[in-house]
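Accompanying notes for the structure given below.
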Amino acid sequence: MKSQSLFNILDGFDFELLRNSEFREDSVREEIVLPIIKGLGYNSSKPNQIIRSRKLLHPFVSIGSRRKEIFLIPDYLFEVNEKAAWILDAKSPSEDILKSKHVEQAYSYAIHSEVRANFFALCNGKEFALYDVQKVNPIVYFDTKAIPLYWESLKKYLAPDRVFSASHYKLAKDLGLHLKRLGFNKMESLIFPHVPLTHIGQLSPYMYSYSGGIETDEGSYVITFDFDEGVFKQLARKIPAEAIRKLSVRQPGVNQVVHFPGKVYLVSIDCRIGETLEENQDEIFLPMIINKIIDD
């Protein structure tokens, strides 16, 4: 397997600054957002242009019998060859960028008749969330400390030469199915060293799952690891105590995803290929079943 690139566009930034009450939205723009959008390949001139604070006329507001011109002003609009590509709004570190009015606001910018972009993003310095206007949840979401692990995903969606690509809507192949076709399902122990762990989903009171991208010599794949309570207890020494507390809820019907803020955790995994195909609204996949966590 090829290791992921660890290129860090925010190299040198002191993340402790995000704790400072004086580090506000303008600081997020300058210290976090600007290096990201410059790194993606956008600048102040055409053809890959950053447009700051463009006024967009709100098309729906009337007061009494008179129409009032109310403008929407996104922080950044990005154009490629004079065509709107995506929107980004910066927020202060204290603002929520997942379930808040800010998501609705940024969405309204992206679908505006003067824009009609496929993607919009929000960044509060601590986190970055990229949305597809056709999906409810973020398609890329990460703690900014973990940006080296997500940089290639951002470029895949947002780089000027890719932002209009139809390939965004082609799902990466599932590694479990790929390995099964190669006959690896006959092996009871497959080792994956130093898997980056950024979140865990709780499928049921005593079953858990984690999915992520992986690079191989044959290309990019999505891999899903399922595991039981025994493996979860092994992870207790390797992931934050607060995540353990949240994931230890034992109520029927609980289905949650817990993200790990501030750090990416690397774990080495001994696993086997599962026997049961799983399906969601987007794909069919074959999970890997974790046998144990290997102590490094």
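Taking label points 7 Å from Cα along the Cα-to-Cβ direction, Asn81 and Asn20 give a separation of 4.3 nm. Roughly how tilted is helix 147-158, in degrees to the nearest 10 and between 0 and 90, from the longest Cα axis of the chain? It works out to around 60 degrees. Measuring nothing but protein heavy atoms, the accessible surface of the chain at 1.4 Å probe radius is 49 percent carbon and sulfur.
Compute the acute angle (0 to 90°) between the alpha-carbon long axis of helix 101-110 and the principal axis of greatest extent of the alpha-carbon atoms of the chain; round to the nearest 10°. In the chain, helix 101-110 runs at an angle near 70 degrees to the longest axis. A simple spin-label model places pseudo-atoms 7 Å from Cα toward Cβ; at Asp228 and Ser100 they are separated by 4.1 nm. Contact order for the stretch 140-227, expressed relative to its length and based on alpha carbon pairs under 8 Å spaced 6+ residues apart, stands at 22 percent. If you run the Gaussian network model on the chain, springs between alpha carbon atoms under 10 Å, then out of Glu278, Glu25, Glu16 the most flexible one is Glu16.
For the listed residue pairs Lys91/Lys135; Lys126/Lys263; Lys46/Lys156; Lys156/Lys263; Lys38/Lys156, the alpha carbons are over 18 angstrom apart in Lys91/Lys135; Lys46/Lys156; Lys156/Lys263.
What net charge is computed for the residues neighbouring Gln256, neighbours being all others with C-beta under 15 Å from the C-beta of Gln256, Lys and Arg scored +1, Asp and Glu -1?
Once all neighbours under 15 Å are counted, the net charge is +3.
If you take every residue apart from Phe142 with its C-beta less than 11 Å away from the C-beta of Phe142, what net charge results, scoring Lys and Arg +1 and Asp and Glu -1?
0
Checking (i) 18.1, 64; (ii) 17.8, 48; (iii) 21.1, 73 against the coordinates, the calculated Rg and Dmax of the Cα atoms in Å falls under label (iii). Per-residue extension of 0.36 nm, minus the Cα-Cα distance of His259 and Ser92, leaves a gain of 58.1 nm for this segment. Put a plus charge on the Cβ of each Lys and Arg, a minus charge on the Cβ of each Asp and Glu, and nothing anywhere else: the dipole of the chain about its Cα centre is then about 620 debye. Of the residues Ser204, Asn185, Val28, the one whose Cα sits farthest toward the positive end of the charge dipole of the chain, with +1 on the Cβ of Lys and Arg and -1 on the Cβ of Asp and Glu, is Val28. In this structure, Tyr206 and Asn137 have a Cβ-Cβ separation that, at R0 = 30 Å, corresponds to a calculated FRET efficiency of about 0.75.
Compute the separation of the alpha-carbon centres of the stretch 191-256 and the stretch 126-146 and state it in Å as a whole number. Value for the Cα centre distance between the two parts: 19 Å. Sorting Lys91, Lys135, Lys173 by accessible area puts them as Lys173, Lys135, Lys91; the probe is 1.4 Å, largest comes first, and only protein heavy atoms count.
Note that the chain presents 55 Å² accessible area per residue, ligands and nucleic acids not counted, probe 1.4 Å. Contact order, relative form, for the chain: 15 percent (alpha carbon pairs under 8 Å, 6 or more residues apart, mean separation divided by residue count).
The values are calculated or read from the model by the stated rules, or taken from the named source; none is laboratory data. Please read these numbers as outputs of a predicted model, since none were measured by experiment. Virtual Cβ from ideal backbone geometry, glycine too; neighbours counted across all protein chains shown. We work out accessible area using only protein heavy atoms, side chains counted, and drop any ligands, DNA or RNA first. Shrake-Rupley method; radii C 1.70, N 1.55, O 1.52, S 1.80 Å.
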